[in-house]
Amino acid sequence: MPLVRLATPARPVRPTPLTNYSSARRRRSRSGGGGGGKAHCELQSSAVVQAPRPDEMQQPPLAQQTQRLKQLAAVMTRPATSPTSLRSFDLLRSLLPRQFVELCKVHLSFVIDVPADFLDDDDQDDDSATDRPTSQWIWQRARDSMKLKRVQNGRPEAAAATAAAVGDLAVVDHLLTRLASRSNLDQVEGIFRKCGSAARQRRLLDAVSSDNADGSKDVAESEAWTTHDLAGALKASLARLPEPLLTRRLLPYFQQVAQIGAPQPADCVNAVADDGLSAVLTARRLKALRLLVQLLPQDRRDLLGRLLALLARVADTTDSATRMTPDSLGTVFGPALLYPNLEPGARDLAAKLNSTLAFAIRNSDAVVQVPDSVAQDADGIFRRLRQCRLADLADEAAAPPMPSLSVRFAESAEFAAAAASSASSTSDADAAVELAVAEDFTRSQVAALYATVQAMPDSAKRRRLIRRFNRTNGGLPTAPTVAGTTACSSPSPSSTATAASPLISSPVFGRLFDFPMRCLSPETAGR
Amino acid sequence: MSKSVSKSVKPIKIVVIGSGGVGKSALTLQFSKSKFFLDYDPTIEDSFSKSCYIDNEMARLDILDTAGQEEFTSMREQYMRLGQAFLVVFSVTDRKGFEEVDSLIQLIYRVKDREAFPIMVAGNKIDLQNDRCIDQSLAQELVQRHQEFNPYCAYIETSAKTRLNVDLVFHDLVRLLRLYNAKGGSKQAKKSKCSLL
């Protein structure tokens, strides 16, 4: 089928995890500096690269590739430190939640596969949306309470009370605080692994939740709980949260982070030095986790940060008194945090998810930081808004101008700059070329995406995707439709790209990544 | 010759259960690989197989080493349904793990929907005599309570570290299973001759 040929480079619509992994990486490496990307990707086969730069033929030496990859990784992992950009980031999150999600989505799409309707359901009332019980949730709760009832053997009322009470973030919070204040936290062997007494843990959970209900602290203090009791109760309270700590909306994306660094296509690996590549993979994993953590609601984000810090403390004992490594803790906490409803038998997936959690524990400090590139983009958005506001004041009568807030991808620019300054062979002009190539690549990918959508058989899905295109661009002319379709059916990749190019130079596509800012009132925007 | 025999023998599915960190994996690895592993990694699920002669009869054991953590209990009922014999492990140095034993045995009865089933209770880590907090008599008492209605239940003390009773515990479990099958306790009771000692 001809359209497959076009779709292959990007596979934009519904890719399998593996292809999408590599396509994301292609995008990433392309925009993150052509030099490093070229080295380990088979871009030559893609329809996009039309005119290879003169030096593209000779591959840079291996050491240089490694160095470039490491530079890229270093840029990606840099946390935001400047107070202004951090402030902009927080402001954007609190004032313009939609734009914030959009910004995170764009950045996320560089590291993991993000569907078009990423977090789309959330308008202002996302709290009510997340707390709405699904049928799956109801079943889970029913099963839990049945389990408890069976265990308690003839004390069903106590079981019901437990089941109702434990589903509360405050309980987790309380237990976390108490556990963190334990001095022997790093002395107890097998903490979180060995189970405490089940009956005592139930009593503890009941006590804590009833204390939280009436605001006193008496019942929970009345008994001398062991560290194992507290640890077990904390684990149980996390596992039984009606809404998982990482929220049902974001869990799938947290799970996708596990696929980063999964077995790679053989053609990509052989050419590149391993440590450079693994540095980039680590950076991608870290960036994805950081973005996802920032998308969590405030209270959950704080709680997660404290939990990871606690686990890191447990794992960090050098004399290994606890004998719990980050990997062990990942295995033990994985089911509670990352996959509350994994079907039995998915062992390999479970192991991967556990190692992701272990990674988060190892980087417990870094995971809660804001990626520098995102904070800079947030800063940029506010700067643009301020300019728009000034323009607005100057010209009241005119219709409010549409601020074009395209994300600049601080990373790619900076990486290019870093490469230019450090690598002796690369000049400024070279960096500029790389940037241009990166932009070109994005455009042609968008064109390919559009053409693929157009070529899809008429279905509800196609109509939905087109509606999305239209919504993002304020309406599409019909002419490109034809161009896109013919492009798809044309057999040669080069003609595909040329057919698509007039289409992407149209203003419609130029604005594709702009934020839908026109719904903002100037007051909100100017703040 | 033994190879052809092992092919003709139907494997016996043994499931090792018990709470976290009691030494299920250590016991299983000591039996199947004759090694004591020092690493302290929680198991999600592992399986091993081993063939051996027990009372001059070939037996092929498929051993499923399971997770002790409560979080993995969703898998628990599934593998319990498949198991033909159970090894319930606790650590003699860990009171809480011992308290779990009874509820685990009850769970086996319930999943299997039977009053009697081949269950071996193993008190592990008896090389750590100084830390011992579960007396032999305490464990014996528990098993005797079960033996009143389940004759296929027994208790053995083991040490995966020193390999004490490691073979015995698995072999005796197979003997219990053969006894159980011979008595026709199982639906798929063998018509073959009784393989009693």
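The values are calculated or read from the model by the stated rules, or taken from the named source; none is laboratory data. Just so you know, these numbers come straight off a predicted model, no measurement behind them. Here Cβ is always computed from backbone atoms with ideal geometry, including for glycine, and neighbour counts include all displayed protein chains.
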Flag if residue B:162 is within 24 Å of residue B:35 (Cβ to Cβ), part of a loop (DSSP other than H, G, I, E, B) and within 14 Å of chain A (Cβ to nearest Cβ): no
Options B:96, B:13: the member that is farther than 30 Å from residue A:202 by Cα and buried (at least 16 other Cβ atoms within 10 Å of the Cβ): B:13
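Matching residues to (1) modelled with pLDDT under 85; (2) buried (at least 18 other Cβ atoms within 10 Å of the Cβ); (3) within 14 Å of chain B (Cβ to nearest Cβ):
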site	(1), (2), (3)
A:295	no, yes, no
A:308	no, yes, no
A:342	yes, yes, yes
A:354	no, yes, yes
Residue in segment A:315-327 that is facing chain B (nearest Cβ under 9 Å) and crowded, with 23+ Cβ neighbours inside 10 Å present: yes
Helices (runs of 4 or more DSSP H) wholly inside segment B:1-103 containing at least 2 residues that are within 17 Å of the chain's Cα centre (by Cα), touching a residue at least 40 places away in the same chain (Cβ under 8 Å) and closer than 26 Å to residue A:240 by Cα: B:73-82
Flag if residue B:51 is hydroxyl-bearing (Ser, Thr, Tyr) and more than 8 Å from every other protein chain (Cβ to nearest Cβ): yes
Hey, residue A:213 assigned to a loop (DSSP other than H, G, I, E, B) and either of a type in the set (Val, Ile, Thr) or modelled with pLDDT under 85 (or both) or not: no
Residue B:66 vs. criteria more than 10 Å from chain A (Cβ to nearest Cβ), crowded, with 16+ Cβ neighbours inside 10 Å, of a type in the set (S, T, N, Q) and under 17 Å from residue B:25 (Cα atoms): yes
Those residues of segment B:104-120 which are surrounded by fewer than 19 Cβ atoms within 10 Å (Cβ to Cβ), part of a helix (DSSP H, G or I) and away from every other protein chain (no Cβ under 11 Å), in sequence order: B:109, B:111, B:112
2 or more residues under 18 Å from residue A:252 (Cα atoms): qualifying helices (runs of 4 or more DSSP H) within segment A:287-384: A:298-315, A:326-337, A:347-362
Residue satisfying condition, being among the hydroxyl-bearing types (Ser, Thr, Tyr), touching a strand residue (DSSP E or B) at 6+ places or on another chain (Cβ under 8 Å) and within 14 Å of chain A (Cβ to nearest Cβ), within set B:43, B:28, B:73: B:43
